[in-house]
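Since the structure comes first, as structure tokens, the remarks are kept for the end.
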């Protein structure tokens, strides 16, 4: 690292002599370590100005056959199979994932697919096809349900079952994790690290990757998103394709502008049964043509981003947070 530093930014401010005054107004954890980025250090491979990363949630078949969330407002009664809701999920297998894969092929972009173990068991050929086309297979749990309330042994098994299924069916061992609605237990990151995982995405707190120090060493967070997430901000009710397309472009343009001075990353989340519909793929097609027209953009899956982050630790934010039960944020259990 050289002595030349970039112009004063949020990161360099925290490393300066006025950090003590600024920290309270920036509302960062007081035990966070932030690093000053050298002007000569590339933000991304090949001096890219912005990283763009897509997540594809492969969940169809992993949901409970009765009581899964969907588009029908009235809950199913008496534990009966919710046939239309299950068919809604199945759209992801029959139409959604194949259409999204074709779109990514068209634009020569690779994504990270977070796979439910049970979904992979029910559609193994589709899971294999995702990996065959060069995309990352990551872990999303044994089933599409919460696991944060499990004791550590049961939670570990919940994760291991998913990993073993994905590896068996696709030939790729997941090193990235996403929990149901991002809700992990205080033990999750330690469990993941002990199983060989390198990163998780269950934190929508920054627009760049960072490192959290765990008991077992460094662990990468490749932040996720609520606002660029189809299931959260652009569900079927009141969906406006023009507004979605504009939001994608505005997000890209702002981060691309900031990327001239600091490391920036844009994350877009797609769900098999939502973004795989024909009209939504048209919107994504136009956005990708726009984004691909800009120079110095790195389209990457998340294991690549995690690897880059670990290899460039000296220019990456590093947080030593302590126990989640104290900080309220992901870290090592007490």
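What percent does the relative contact order of the chain come to when contacts are Cα pairs within less than 8 Å and at least six residues apart? Working shown, then result.
Working: 638 pairs, mean separation 84.8, N = 334.
About 25 percent, as a whole number.
Please report the antiparallel percentage of the DSSP beta bridges confined to the chain, to the nearest 5.
Values: 8 of 34 bridges.
So the antiparallel bridges in the chain amount to around 25 percent.
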(request) Using just the alpha carbons, could you tell me how many Å³ per residue the convex hull of region 158-253 encloses? (result) 136
(message) Using only the alpha-carbon atoms of the chain as identical scatterers, what base-10 log of I(q)/I(0) does the Debye formula give at q = 0.08, 0.11, 0.13 Å⁻¹?
(response) -0.38, -0.73, -1.02
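Which peptide among 279-286, 85-92, 184-191, 108-115 comes first, and what is the full order, when sorted by highest mean count of other Cβ atoms within 10 Å? List each step's numbers first, then the result.
Working: 279-286: 16.4, 85-92: 19.4, 184-191: 21.1, 108-115: 23.9.
So the order, starting with the most tightly packed, is 108-115, 184-191, 85-92, 279-286.
I need the fraction of alpha carbon pairs in region 192-232 separated by more than 13 Å, rounded to a whole percent.
The calculated P(r) of region 192-232 puts 54 percent of pairs beyond 13 Å.
Inverting the mean 1/r over all pairs of different Cα atoms, compute the Kirkwood radius of region 86-139 and quote it in Å. Please list the in-between numbers first.
Values: mean 1/r = 0.0876 Å⁻¹.
One over the average 1/r among Cα pairs gives 11.4 Å for region 86-139.
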(request) Would you calculate the separation in nanometres between label points at residue 195 and residue 107, each defined as 7 Å from the Cα along the Cα-to-beta-carbon direction? (result) 3.1
(message) Report the rotationally averaged projected area of region 176-334 based on its alpha-carbon convex hull, in square nanometres.
(response) 10.1
(request) Restricting things to alpha carbons, tell me how big region 225-318 is in terms of Rg and Dmax, in Å. (result) 14.8, 45
(message) Restricting to Cα pairs below 8 Å that are 6+ residues apart, what does the relative contact order work out to for region 231-332? Please round to a whole percent.
(response) 20
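Quick check on the chain: helices-only [θ] at 222 nm, where DSSP H runs of length 4 and up contribute -39,500 (n - 2.57) each and the sum goes over total residues. Nearest 500, please. All intermediate terms of the calculation are to be shown ahead of the outcome.
On the way: 13 runs with 125 residues, N = 334.
Here the helix-only value at 222 nm equals -11000 deg cm²/dmol.
FYI, it's all coordinate maths here, none of it is from the lab. Keep in mind it's a predicted model, so treat the numbers as computed, not measured. Note: ideal-geometry Cβ built from the backbone for every residue, glycine included; neighbour counts use all protein chains shown.
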